[in-house]
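Chemist: Please see the structure below; I have some questions.
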Amino acid sequence: MKIVIHKTLKHFLHKSLLNYRKCKEVLINFMLMKLNVLIVAILLMVGCKEKNKTAKVDNQTTEKVAKNEDVSGDIELEIYDYLGFEDFLNKKDDKTYVINFWATWCAPCVKELPFFEKLNADYKNKNVEVILVSLDFPHLYDKKLKPFIKENKLASKVIVLDDADMNTWIPKVDENWSGSIPATIIYKNDKKQFYEQSFNYEELEKEVKQFLN
Amino acid sequence: MKKFVKLVPVAILLLFISAFTLNKTTHNGYEIGDVAEDFSLKNIDGNMVSLADYKDAKGFIVTFTCNTCPFAVMYEDRVQALNEKYAAKGYPVIAIMPNNTDVKPGDALPEMKKRAEEKGFTFPYLIDEGQKVYPKFGATKTPHIYILEKTNKGNIVKYIGAIDDNHKDASAVKVKFVENAVDALLKGEEVQQKETKAIGCSIKV
């Protein structure tokens, strides 16, 4: 047994030497990462302080979130800035939420919408809710978004996120999000997964099942 | 001492394992500080363009963009303005269209040429035929900007991200990320905000 272990170690030692340069790089990276964590921690602390200071102002902007009057008829959009929208990412009610970021101008998003609609219908009784977060441009809400919702008879909840300061809110949604859509978050209480990709129904179902007990 | 020697391979083994786990977390494409490889891509005028062609450039504003993405379209005038402002100072815009034109026929070379003529683009508008270049950069969307600084070690990536902080309204922009970065480089200073995020259209494969 000892010999086997020794041999394995020797094998790794040999490989490691080959990987010496890589190791060095990794070590440096690792140290840099630690430094990063420290910096992030400091920034967070500073950020929290700032947040307290600006909390009042923020509340005002959230309240400003208005319902878009629809002159043409029955669809009323729920429009949020990021602060208002954030609640949808942080519910802790044992429900599995599937949050899909999309827009009518995004072809792959439109292509995968039927799968989210099907998921919402099929898994409603398993405590799953799909929320479709539109990133359409405000000047096209009436011309594009509302007709799209109507024509496609979207049954899932559609909300609209309108917040120009993307560099601030995109990393808050998920630090790995580069900003391309479609993008999807599945979460239940504190368990969360982020996907910057397109889905077909089978893939989507598979991911959601991980969240169901 | 003997014990210590025995520990050395264990330590190296640990390093080796961590090499695997750490590598997993790093994403694809260039990061800040990496040397960007040169490329040779076809321009709308039919000529091939490489970064090495720009002998006098101090760097480049490499912009992944296309005809068909509304976000990219919203930024067309601002990309043109960047080239007008910075090409003479040594930082020309190099625009690259990364989409698969079978998926997005509106981004095919003749369409690119038409759009460039309509908008009066003064920068090269290259097509990533075969889609080999954008993955090297790690671009995921249009528009997606990479600012490179030319050094004797090669073209170093100095900034990755958005053009500014308001896509909807150029007049409401508070922070001009790209301009700030190029201005800093021109002054020989460190870029303050090295990476930013913005929504964009995923690159069509």
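Each reported figure results from applying straightforward, stated rules to the coordinates on display, with no laboratory input. All of these numbers come straight from a predicted model, not from anything done at the bench. Note: ideal-geometry Cβ built from the backbone for every residue, glycine included; neighbour counts use all protein chains shown.
Chemist: 7 Å from Cα along Cα→Cβ at both residue A:126 and residue B:84: what's the point-to-point distance in nm?
Modeler: 5.6
Chemist: Next question. Which value in nm describes the separation of the simple spin-label points at residue B:205 and residue A:213, placed 7 Å from the Cα toward the beta carbon?
Modeler: 3.7
Chemist: Turning to a different aspect of this structure: Please report, in whole Å, how far the alpha carbons of the stretch A:78-212 spread along each principal axis, starting with the longest.
Modeler: 39, 33, 24
Chemist: OK, next. Ratio of the stretch B:148-205's C-alpha Rg to 2.2 N^0.38 Å, to two decimals?
Modeler: On the way: Rg = 13.3 Å, N = 58, 2.2 N^0.38 = 10.3 Å.
Normalised Cα radius of gyration, the stretch B:148-205: 1.29.
Chemist: Let me ask you something else. Taking Cα pairs under 8 Å and at least six residues apart, what relative contact order does the stretch A:78-212 come out at, in percent? Present the calculation step by step, with values, prior to reporting the outcome.
Modeler: Numbers: 199 pairs, mean separation 49.9, N = 135.
Worked out over the stretch A:78-212, it gives 37 percent.
Chemist: Please work out how much length the chain gains when fully extended from residue B:169 to residue B:45, using 0.36 nm per residue of separation minus the C-alpha to C-alpha distance, in nm with one decimal.
Modeler: Numbers: separation 124, 0.36 × 124 = 44.64 nm, distance 3.15 nm.
Full extension of this stretch gives 41.5 nm more.
Chemist: Same structure, new question: Which order, highest average first, do A:135-147, B:58-70 follow once you tally other Cβ atoms within 10 Å for each residue and take the mean per peptide?
Modeler: Values: A:135-147: 17.0, B:58-70: 23.8.
Final packing ranking: B:58-70, A:135-147.
Chemist: Where in the stretch B:50-84 does the amide nitrogen come within less than 18 Å of the point 7 Å from the Cα of residue B:153, taken along Cα to Cβ?
Modeler: B:58-60
Chemist: Find the cysteines in chain B that fail to meet the 4.7 Å Cβ criterion with every other cysteine, and list them.
Modeler: B:66
Chemist: Considering the zone a paramagnetic label at residue B:193 would reach in this model (a point 7 Å from Cα along the Cα-to-Cβ line), which residues of the stretch A:178-192 have amide N under 15 Å from it?
Modeler: From the stretch A:178-192, the list is empty.
Chemist: Suppose R0 equals 25 Å; then what is the FRET efficiency for residue A:87 and residue A:168 from their Cβ-Cβ distance, rounded to the nearest 0.05?
Modeler: On the way: r = 17 Å, r/R0 = 0.68.
E between residue A:87 and residue A:168, to the nearest 0.05, is 0.90.
Chemist: For the pairs B:104/B:187; B:114/B:168; A:153/A:188; A:150/B:113; A:192/B:176; A:126/B:136, flag any whose C-alpha to C-alpha distance is greater than 31 Å.
Modeler: Values: B:104/B:187 40 Å; B:114/B:168 24 Å; A:153/A:188 27 Å; A:150/B:113 37 Å; A:192/B:176 33 Å; A:126/B:136 42 Å.
Exceeds cut-off: B:104/B:187; A:150/B:113; A:192/B:176; A:126/B:136.
Chemist: Quick one: helix B:109-119 against the long Cα principal axis of chain B, what's the angle to the nearest 10°, folded into 0 to 90?
Modeler: 60
Chemist: I've got another one for you. Would you list which aspartates and glutamates come within 18 Å of residue A:111, measuring only between C-alpha atoms, while excluding same-chain residues fewer than 8 positions from it?
Modeler: Output for residue A:111: A:136, A:151, A:196, A:202, A:203, A:205, B:102.
Chemist: In debye to the nearest 20, how big a dipole does chain B give about its Cα centre with +1 on each Lys and Arg Cβ and -1 on each Asp and Glu Cβ? Don't skip to the answer; put the middle values down first.
Modeler: Details: 28 positive and 26 negative charges, 197 e Å.
With only Lys, Arg, Asp and Glu charged at Cβ, the dipole is about 940 debye.
Chemist: Still on this structure: Which value in Å does the Kirkwood hydrodynamic radius of the stretch B:30-202 take, with 1/r averaged over all unlike C-alpha pairs and then inverted? List each step's numbers first, then the result.
Modeler: Details: mean 1/r = 0.0628 Å⁻¹.
Over the stretch B:30-202, the inverse of the mean reciprocal pair distance is 15.9 Å.
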